[in-house]
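Everything below concerns the one structure shown next.
Read the figures in this text as sums done on the coordinates, not as results from a lab. As the structure is a computational prediction, the values presented were derived from the model and not from experiment. Neighbour counts run over all protein chains shown; Cβ positions are idealised from the backbone, glycine included.
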Amino acid sequence: MVNHMIKIKRVYKGVEVITLTGDITKQRVKAIVNPANSQLIMGGGVAGAIKRAGGEVIEEEALKQAPVPLGKAVATGAGRLEAKHVIHAPTMERPAMQIGPENVKLAVKGALGCADRLKLESVAFPGMGTGVGGLAPEEAAQTMMSETKTHIEKGTSLKKIIFVGFRDDLTQAFSTAINKAFC
């Protein structure tokens, strides 16, 4: 795997939409997104990686804001991470639930809304629902790009949205979805 190599970059209504293969915890953006559960327990997957890289302080701060319903998102500090914030956007109500694309749509909508409330200029997303959620990378990526396009069309403070695949197959799914959504 090649870290941080841009695969696709599109500019849509003044917003850069990028996909790359890399480590979400090392992205130099204002916020990274945690595909959380509503209880904001940061166990495994992306949440666990964020907690390991950024420190327990992220989960401690998140738990004070739980529960968070699907479709909403909250921000915490980012501990030792490059980013300033972690946006916790629930894709599932409880840890390790199987989910559908509607959950991903709601989580992306919540995360992008939270980024705008914070007036952020950049955010990085991992695959939402592609781990324990059980969604195929292609289905998740298509849902994520569709919701991102809708959000950009409504107006946003964001200037850069990065989709980070931790595996090449996820990056390829993001690339294909970006090409379809932002051609």
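Taking a sphere under 13 Å around the Cβ of residue 63 and counting the other residues whose Cβ falls inside, with K and R at +1 and D and E at -1, yields a net charge of -2.
Put a dot 7 Å past the Cα of residue 169, heading toward its Cβ, do the same for residue 102, and the two dots end up 2.7 nm apart.
Over all other residues within a Cβ to Cβ distance under 12 Å of residue 138, the charged ones net out to -1, with Lys and Arg as +1 and Asp and Glu as -1.
Residue 53: net charge of surrounding residues, Cβ under 13 Å, Lys/Arg +1, Asp/Glu -1, itself excluded?
Around residue 53, the surrounding residues sum to 0.
Placing a pseudo-label 7 Å from each Cα along the Cα-to-Cβ vector at residue 179 and residue 117 gives an inter-label distance of 3.7 nm.
For the stretch 108-154 versus the stretch 1-69, the spacing of their alpha-carbon centroids is 11 Å.
Shape verdict for the stretch 1-146, please, from the Cα gyration tensor: rounded (a/c under 1.5), prolate (a/b greater than b/c) or oblate. Rounded, because the longest to shortest axis ratio a/c is under 1.5. Three semi-axes describe the equivalent ellipsoid of the stretch 62-179; taken as square roots of 5 times the Cα gyration tensor eigenvalues and ordered largest first, they are 20, 18, 14 Å.
Placing a label point 7 Å from the Cα of residue 10 along the Cα-to-Cβ direction, the residues of the stretch 119-162 whose backbone N falls under 14 Å from that point are 141-153, 161-162.
For the stretch 11-31, the residues whose backbone nitrogen is under 12 Å from a point 7 Å from the Cα of residue 84, taken along Cα to Cβ, are 29-31. In the structure shown, do any of 30/64; 72/159; 119/159; 109/160 have a Cα-Cα gap over 19 Å, and if so which? Listed pairs above 19 Å: 30/64; 72/159. With the helix formula -39500 (n - 2.57) applied to DSSP H stretches of n ≥ 4, the chain reaches a computed 222 nm mean residue ellipticity of -11500 deg cm²/dmol.
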